[in-house]
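Student: First the structure, then my questions, so here it is.
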2 protein chains.
Amino acid sequence: MPTPNKTETSIINLLKTAKVKDKYLSGEEMSETLAVTRSAVWKHVSSLREAGYNITARPNKGYSLSEPLPFNAFEVSSKLKTSKIANNLLYFKELDSTNTKALQLAKEGATEGTTLIAETQSGGKGRLGKDWHSPPGVNIYTSIILRPKIAPQKAQSLTLMAAIAVAKTIEEFSPIKPSVKWPNDILVEGKKIAGILTEMSSETEQINHIALGIGINVNMKDQDFPNDICKTATSLAVLKGEKIDRAEVARALYSNVEKWYKVFLDTDLSSIIDTWLNYFTSKGKKICVSGTPPTEGICMGIDSDGALLIKNDDGTTKRVLSGEITSIY
Amino acid sequence: MPTPNKTETSIINLLKTAKVKDKYLSGEEMSETLAVTRSAVWKHVSSLREAGYNITARPNKGYSLSEPLPFNAFEVSSKLKTSKIANNLLYFKELDSTNTKALQLAKEGATEGTTLIAETQSGGKGRLGKDWHSPPGVNIYTSIILRPKIAPQKAQSLTLMAAIAVAKTIEEFSPIKPSVKWPNDILVEGKKIAGILTEMSSETEQINHIALGIGINVNMKDQDFPNDICKTATSLAVLKGEKIDRAEVARALYSNVEKWYKVFLDTDLSSIIDTWLNYFTSKGKKICVSGTPPTEGICMGIDSDGALLIKNDDGTTKRVLSGEITSIY
């Protein structure tokens, strides 16, 4: 659903105001207010219907708008309360990957906070080269361009920040508290509901730009998940038993990212680590992390670089920078 | 000077063989050996002259090739003994920046070891957004694509590896031993002779690809340096008092990178650190490193992540990941 143009956003705003008052709006009124012909009004209403707006026309009464509203940049932006994140919000019907596009735009100079949403991704990416299932109409696939003045060694802690922001967002809509799986998957009842992929362009000492990619399963139904992930994935709608407004989830997400990114930039990392650990349920448990060879031991938490700390049988603690927790005993 | 085509490389090889025997080569002989017309030979010889080869023609004797040979991919490749680094060598008359082009080619799938050389750079880059002065005809500006399966946290140690390879290369041509300035400038007698810029595309856990950019001042003369760096920069030719064959320096560089990259991949980092410290003259000295605020103290060396270790007056040791050593007391 493409983003409405200027006259169309005016029409939507007029219809929304009328809706609040439970009124119909005549084509004549709109044509006068917007200083366009009635036939132009009719054409714009047609485009808006094509763009997913439910606009009904009653003879002698006029037009009215009914829910649900479509998911597009205008709807997400209209009630957004952030000042930096998603201040420039770009909506795409389809992208290969929101992160790939974000990295390209960042390279071309897109400012910090520029945010991309795709209705669907043809090559959605997860961590470590995995796919991210990205069907249209149901979920959120978004990437945020960040330009923190930090060394790449600190990027893992930025991912922890993002995991907090996503977990807080899930918490606003889910009846059950989410947990984080190191380093950055968000689970509810052990099933994946959201994922984060942080990609960057950097020198060894300094990050040029980051694409913070976030995927949230919002309105996927159990039967919509592909076979290989149906037992390990869930969505907000599955948990809540009802359809969720994606624009509302996106707005909550951007607010949470803005809040926690500020914490990340302005304070030492202890509050990020502490908050992240609040959602981390593997601490103190025996775990196994993939790798060559895999690492097994008691999980002691994470350090300030976001590395997983695993205590071996011999009492030494190993820092793990990359991998997948494959078993929790 | 563009890279010669297939027939042209055959002509160069024939002329080089003749040169070794101190012989001239007639147009007729070449035309027979290469199975092309004599007028085709003449055309190719003209192109080769335009490409910088000194080919003289004597009536009744034929053609002969004399030194110096031009600097191009064919000349660098022809005596190259590496198996991975520069196995695919791309020569450009002018690039914005060899690193920028290398990152682009890597993104499009260029294999590990693919190497770029530019005769000149219009936007040559140094560390932390600084410029790298890149006039044509005198120096080496090269970028090597690497794809190590390491976390971005380890990229700084890759830069140390590169600093060793560059220092070893300088050592082969300079009468005076070079030193490294943390993190990765190469100096001789306190003047900069080479620099390294490592840029990468990565996830937080895994590097996708690296552009290892190296600039070496080979034949710059004192008067060629711009005013702002003439007192702080030098070149191999200045040190040796004679013109140096750039192709020979490039080959030495690629051999050294191949050797030390293998050490980097196959062993723990201790031999990299130890070798790097051999060239590091600030250890044990009081230094100041730029930053907000700057860090001052006794330099204790570097750790396995390539971070500079500085001991404060209170006895604590601080790890510095980024910055510039501004003073050595």
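Student: With the dipole of chain A worked out from charges on the C-beta (+1 for Lys and Arg, -1 for Asp and Glu) around the Cα centre, which of A:Ala247, A:Gly113, A:Ile214 lies farthest toward the positive end?
Tutor: So the residue we want is A:Ala247.
Student: So for B:Leu69, B:Leu89, fewest C-beta neighbours within 10 Å to most, what's the order? Provide the component values of the computation, followed by the final result.
Tutor: Details: B:Leu69 19, B:Leu89 23.
Going from sparsest to densest Cβ surroundings: B:Leu69, B:Leu89.
Student: Summarise the partner chain shielding of A:205-214 as one whole number: the mean count of Cβ atoms from other chains within 10 Å of each residue's Cβ. Mind showing how you got there, number by number?
Tutor: Details: counts 14, 6, 2, 4, 0, 1, 0, 0, 1, 0.
Mean number of neighbouring Cβ atoms from other chains: 3.
Student: Let me ask something additional. When you look at the Cβ of every residue in A:145-155, what mean number of other chain Cβ atoms sits within 10 Å?
Tutor: Details: counts 0, 0, 0, 0, 2, 2, 10, 11, 13, 3, 7.
What the average comes to for A:145-155 is 4.
Student: Can you order the peptides A:72-82, B:9-19 by their average number of other Cβ atoms within 10 Å per residue, highest first? Spell out each step's value before the answer.
Tutor: Working: A:72-82: 18.7, B:9-19: 17.2.
Put in order of decreasing packing, that is A:72-82, B:9-19.
Student: Moving to a separate point now. At a Förster radius of 45 Å, what calculated FRET efficiency corresponds to the Cβ-Cβ distance of B:Glu50 and A:Glu50, to the nearest 0.05? Can you show the working numbers first?
Tutor: Working: r = 60 Å, r/R0 = 1.33.
After rounding to 0.05, the efficiency reads 0.15.
Student: Among B:Ile55, B:Ile216, B:Ile117, whose mean-square fluctuation peaks in a Gaussian network model of chain B (Cα, cutoff 10 Å)?
Tutor: In this elastic network of chain B, the residue with the biggest mean-square fluctuation among B:Ile55, B:Ile216, B:Ile117 is B:Ile55.
Student: Taking a point 7 Å out from Cα toward Cβ as the label site, list the nm distances between A:Asn54 and the same residue in every other copy, smallest first.
Tutor: Label point to label point, same position, other copies: 8.5 nm.
Student: For B:Lys84, which aspartates and glutamates qualify as cross-link partners when the Cα separation must be under 17 Å and same-chain residues fewer than eight apart are set aside?
Tutor: Here the aspartates and glutamates satisfying the reach criterion relative to B:Lys84 are B:Glu112, B:Glu258, B:Asp266.
Student: Taking only Cα atoms, what is the 0 to 90° angle, nearest 10, from helix A:98-107's long axis to the longest principal axis of chain A?
Tutor: Around 90 degrees separate the two axes.
Student: With axes computed from alpha carbons, what is the tilt in degrees of helix A:6-20 against the longest principal axis of chain A, rounded to the nearest 10 within 0 to 90?
Tutor: 90 degrees
Student: Further question on the same structure: Across the residues of B:318-327, average count of Cβ atoms on other protein chains within 10 Å?
Tutor: Numbers: counts 0, 1, 2, 8, 9, 2, 1, 0, 0, 0.
The shielding value for this peptide is 2.
Student: Continuing with the same structure: Per-residue ellipticity at 222 nm for chain A, helices alone: DSSP H runs ≥ 4 residues times -39500 (n - 2.57), over residue total, nearest 500 deg cm²/dmol? Mind dumping the intermediate values first?
Tutor: Working: 9 runs with 106 residues, N = 329.
That calculation yields -10000 deg cm²/dmol at 222 nm.
Student: Shifting gears a bit: Can you tell me the length gained on complete extension of the stretch A:Thr120 to A:Ala40, counting 0.36 nm per residue apart and subtracting the Cα distance? Intermediate results must be reported in sequence, preceding the final value.
Tutor: Working: separation 80, 0.36 × 80 = 28.80 nm, distance 3.11 nm.
My answer for the length gained is 25.7 nm.
Student: On to the next question. Magnitude of the Cβ-charge dipole of segment B:286-328, K/R +1 and D/E -1, about the Cα centre, nearest 20 debye? Write down the numbers at each step before the final one.
Tutor: Details: 4 positive and 6 negative charges, 9 e Å.
Once rounded to the nearest 20, the dipole reads 40 debye.
Student: List the distances, in nm and shortest first, from the label point of B:Glu296 to the matching label points in every other copy, placing each point 7 Å from Cα along the Cα-to-Cβ direction.
Tutor: 5.4
Student: Let me ask something else. Of the listed peptides B:203-210, A:275-282, what is their order by residue-averaged count of other C-beta atoms within 10 Å, with the highest listed first?
Tutor: Taking the mean over residues of other Cβ atoms within 10 Å, the ranking is B:203-210, A:275-282.
Student: How many angstrom lie between the C-alpha centres of segment B:277-329 and segment B:175-226?
Tutor: Here the two parts' Cα centres lie 19 Å apart.
Student: Taking the Cα centre of the protein assembly as shown as origin, sum charge times position over the Cβ atoms of Lys and Arg (+1) and Asp and Glu (-1), and report the length of that vector in debye to the nearest 20. Please list the in-between numbers first.
Tutor: Details: 82 positive and 74 negative charges, 72 e Å.
Computed about the Cα centre, the dipole is about 340 debye.
Student: Go ahead and set up a Gaussian network model of chain A, Cα springs under 10 Å, then flag whichever of A:Gln223, A:Gln156, A:Gln121 fluctuates most.
Tutor: A:Gln223
Student: To continue, here is another question. I'd like to know which of A:Leu309, A:Ser78, A:Leu95 lies farthest towards the positive end of the charge dipole of chain A, counting +1 on Cβ of Lys and Arg and -1 on Cβ of Asp and Glu.
Tutor: Projecting each Cα onto the dipole axis, the largest value belongs to A:Ser78.
Student: On C-alpha positions alone, give me the angle between the axis of helix A:38-50 and the longest principal axis of chain A, in degrees, nearest 10.
Tutor: The answer is roughly 30 degrees.
Student: Between A:Leu128 and A:Ala57, what FRET efficiency comes out of the Förster formula 1/(1 + (r/R0)^6) with R0 = 60 Å and r the beta carbon distance, rounded to 0.05? Spell out each step's value before the answer.
Tutor: On the way: r = 52 Å, r/R0 = 0.86.
Given R0 = 60 Å and the Cβ-Cβ separation, E is 0.70.
Student: Can I ask one more? Convert each backbone phi in segment B:69-75 into a coupling constant with the Karplus relation 6.51 cos²θ - 1.76 cosθ + 1.60 (shift: θ = phi - 60°), then list the ³J(HN,Hα) values in order as whole Hz, x for Gly and Pro.
Tutor: 7, x, 9, 8, 4, 5, 5
Student: Same structure again: At what distance in nm do the modelled label points of A:Asp266 and A:Thr317 sit from each other, each positioned 7 Å from its Cα along Cα→Cβ?
Tutor: 3.0 nm
Student: For each pair in B:Lys191/B:Lys231; B:Lys19/B:Lys79; B:Lys149/B:Lys262; A:Lys21/A:Lys240; A:Lys19/A:Lys61; A:Lys6/A:Lys43, compute the distance between the two Cα atoms and list the pairs where it is over 18 Å.
Tutor: On the way: B:Lys191/B:Lys231 8 Å; B:Lys19/B:Lys79 16 Å; B:Lys149/B:Lys262 13 Å; A:Lys21/A:Lys240 30 Å; A:Lys19/A:Lys61 13 Å; A:Lys6/A:Lys43 14 Å.
Going by Cα-Cα distance, A:Lys21/A:Lys240 fall outside the 18 Å limit.
Student: Here's another thing I want to ask about it. Just to confirm the numbers: B:Pro136, label point 7 angstrom along the Cα-Cβ line, distances to the other copies in nm, shortest first?
Tutor: So the distances to the same position in the other copies read 5.0 nm.
All of the numbers you see were taken from the coordinates with simple rules; none came from a lab. Everything numeric in this text was worked out from a predicted model, so none of it was measured. Neighbour counts run over all protein chains shown; Cβ positions are idealised from the backbone, glycine included.
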